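Data first, discussion second: the structure below is written as structure tokens.
The values are calculated or read from the model by the stated rules, or taken from the named source; none is laboratory data. Values in this document were obtained by computation on a predicted structure and should not be read as measured data. Virtual Cβ from ideal backbone geometry, glycine too; neighbours counted across all protein chains shown.
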Amino acid sequence: MSEKDPSPAPSIPSETYTREYYETCCQGHEEFSDSGGKRLPLRLSIPLELAGVQAGMQVIDIGCGRGEILLHCAQRGARSWGLDYAREAVVLTRELLGASAGALERDLIGVQQANAAQLPFASERADLVFVLDVVEHLYPEELKAALDEAWRILRPGGRLVVHTMPNLWYYRFGYPVYQVLQRLRGERLPADPRLRWSFRHVHVNEQTPASLRRALKASRFQARVWLASTQSYDYEANPLVRRGMVLLTHARPFKWAFCNDIFAIGTKG
């Protein structure tokens with residue numbers, strides 16, 4: 001008997017990511033709707049500043065979503081390519097560029113539908129690769145392939161900039177504390193924090209800082225991983241509670257259990 005081909009790695013169907021997802025659920029949709037992509041949420045503005053994008057850079061955004069990062073990179077003079085697994089993301093990105101980008105910026109931007117595990121670029125092509133809010137959507141085998149591909153297309157010394165959420169340490173240790181405190185204030189939260197969000201089924205590979213560091217190192221990156229909150233907590237009316245939330249998400253050792261945003265820079269050594 002001949003050996004059967006191994007089963008393909010699992011993957012979320014691309015059609016799962018609908019226009020509704022990007023416009024009502026994917027973080028930053030309020031800023032996108034209000035400003036046409038010109039104002040970035042912290043989950044995008046922090047990576048943009050970390051990257052130090054400059055004119056002449058070759059930038060690739062894997063999982064470009066609505067396309068905001070591409071617009072801002074082009075405004076800084078970088079040649080930028082946006083890739084996304086979902087057709088609706090490509091459509092939204094092209095709509096954004098048509099509405100908000102000038103002719104010069106549009107000349108600097110390319111967009112196409114593609115799989116992160118099979119990037120359509122030659123080796124050592126890019127100076128910078130963004131992987132923002134993508135990690136949690138890729139099964140472990142897919143993530144390994146995507147990080148290997150990012151390493152392949154980066155030039156020596158090139159950098160990979162990552163953001164992912166949630167931080168599983170928050171879900172395991174911080175959220176139960178928050179749940180009890182909110183119950184004392186009269187609000188009952190679900191035992192599983194994921195039940196608060198629609199489209200929760202698309203998160204198949206949530207991380208801790210330690211697991212993300214291991215994943216980057218397994219793909220040969222020199223990795224720096226840390227926690228930094230992207231929340232303003234302006235929704236909290238009580239100023240004392242609000243200050244307490246800021247303290248818990250910014251100060252060690254509390255931030256390891258209460259901060260929900262993981263950032264990383266991987267360098268191709």
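Residue 95 fulfils the conditions (1) farther than 30 Å from residue 157 by Cα; (2) without any contact (Cβ under 8 Å) to a residue 24 or more places away in the chain; (3) exposed (fewer than 14 other Cβ atoms within 10 Å of the Cβ) except for a single criterion, (3).
Is it true that residue 87 is modelled with pLDDT of 95 or more, buried (at least 20 other Cβ atoms within 10 Å of the Cβ), of a type in the set (Lys, Arg) and on the phi < 0 side of the Ramachandran plot? Criteria not met by residue 87. Determine if region 222-245 includes at least one residue that is touching a residue at least 24 places away in the same chain (Cβ under 8 Å) and under 18 Å from residue 138 (Cβ atoms). Yes - at least one qualifying residue is present in region 222-245.
One residue alone among 119, 128, 143, 147 is aliphatic (A, V, I, L, M) and assigned to a loop (DSSP other than H, G, I, E, B), and that residue is 119. One residue is enough: does region 195-205 have a residue meeting the conditions within 12 Å of residue 262 (Cβ to Cβ), touching a residue at least 40 places away in the same chain (Cβ under 8 Å) and hydroxyl-bearing (Ser, Thr, Tyr)? No, region 195-205 contains no residue that is within 12 Å of residue 262 (Cβ to Cβ), touching a residue at least 40 places away in the same chain (Cβ under 8 Å) and hydroxyl-bearing (Ser, Thr, Tyr).
If you filter region 46-56 down to residues that are part of a helix (DSSP H, G or I) and of a type in the set (A, V, I, L, M), you find that the one that is surrounded by the most Cβ atoms within 10 Å (Cβ to Cβ) is 51.
Checking the structure you have, find out if any residue of region 187-207 is among the hydrophobic types (A, V, I, L, M, F, W, C), in a helix (DSSP H, G or I) and in contact with a Pro (Cβ under 8 Å, 6 or more places away or on another chain). No.
Residue-by-condition table, conditions (1) exposed (fewer than 12 other Cβ atoms within 10 Å of the Cβ); (2) farther than 22 Å from residue 47 by Cα:
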| position | (1), (2) |
| --- | --- |
| 179 | no, yes |
| 207 | no, no |
| 213 | no, no |
| 216 | no, no |
| 231 | no, no |
| 240 | yes, yes |
| 249 | no, no |
| 254 | no, yes |
| 269 | yes, no |
